[in-house]
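Below: the structure, in structure tokens.
The values are calculated or read from the model by the stated rules, or taken from the named source; none is laboratory data. Worth saying up front: this structure is predicted, and the values here are computed from it rather than measured. Methodologically, a virtual Cβ is constructed for each residue, glycine included, from the backbone with ideal geometry; neighbour enumeration extends over all protein chains shown.
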Amino acid sequence: MTEEQLAKARRLAARDGYTTVRVEQGYIENAPVADGWADVVISNGVINLCDDKAAVFREIARILKPGGRTAISDIVTERQLTEAIVCDVNLWASCIGGAMQQQHYRRAIEDAGLQICEMRENPQYHFISDSARGATVTFGVKSVSVLAAKRG
Ligand SMILES: C[S@@+](CC[C@H](N)C(=O)[O-])C[C@H]1O[C@@H](n2cnc3c(N)ncnc32)[C@H](O)[C@@H]1O
């Protein structure tokens, strides 16, 4: 997303000889690729940081080929977060403040035209700070992995 991240990704790809890798700048809500371009879209720990998750899933559906797949790791909640949590910038930075309630998350994926094949918890994932751990217990904040496909 940032110039520094792009520079690092390009440097590492060149260093390790990944000649088929191309790095492009863009936001996940507005990816710089054509409709139906991708066989697979992967995302790890980014969507919870986006305020308009429906727009992200619509964008994934737009860029996937029919029958294409997306593999996502993200943070969701069992219970709806309160306004105090959502407005806490430190909890957003900890990947908690922007986490969506899991049924709403599923619906946003399906409303975008993607079919969920599997959604499973990652019980080995743990938050570090005290405030993050507190919110985890109160709201059931957790890491999940999702596999979904664009209807063909
Ligand atoms: C928790 S890190 C995960 C980074 C990486 N995916 C990984 O697995 O190590 C979140 C990343 O999301 C990026 N990010 C946040 N909002 C974004 C957006 N709207 N579009 C693209 N990237 C975004 C940030 O730059 C940051 O690098």
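In region 119-135 there is no residue that is away from the ligand (no atom under 15 Å from the Cβ) and in contact with a Gly (Cβ under 7 Å, 6 or more places away or on another chain).
Answer yes or no as to whether Asp74 is assigned to a loop (DSSP other than H, G, I, E, B), within 15 Å of the ligand (Cβ to nearest atom) and in the same structural domain as Glu110 (by TED's automatic domain parsing). Against the criterion (assigned to a loop (DSSP other than H, G, I, E, B), within 15 Å of the ligand (Cβ to nearest atom) and in the same structural domain as Glu110 (by TED's automatic domain parsing)), Asp74 does not qualify. For the condition closer than 24 Å to Ala38 by Cα, touching a Lys or Arg at 6+ places or on another chain (Cβ under 7 Å), modelled with pLDDT of 95 or more and assigned by TED's automatic domain parsing to the domain that holds Val46, Val144 qualifies. Under the condition of being among the β-branched types (Val, Ile, Thr) and either more than 16 Å from the ligand (Cβ to nearest atom) or assigned to a helix (DSSP H, G or I) (or both), the residues counted in region 94-118 number 2.
Return yes when Leu49 is farther than 28 Å from Lys150 by Cα, surrounded by 13 or more Cβ atoms within 10 Å (Cβ to Cβ), out of contact with any strand residue (DSSP E or B) (no Cβ under 9 Å at 6 or more places or on another chain) and not small (Gly, Ala, Ser) and no when it is not.
Taking the combined requirement at face value, the residue does not satisfy it.
Contact annotation: residue pairs with Cβ atoms under 6 Å, 6 or more positions apart or on different chains, pairing a residue in region 43-67 that is within 21 Å of Ser143 (Cβ to Cβ) and outside any loop (DSSP other than H, G, I, E, B) with a partner that is more than 13 Å from the ligand (Cβ to nearest atom) and not small (Gly, Ala, Ser), are Lys53/Met100; Phe57/Ile109; Ile60/Thr70.
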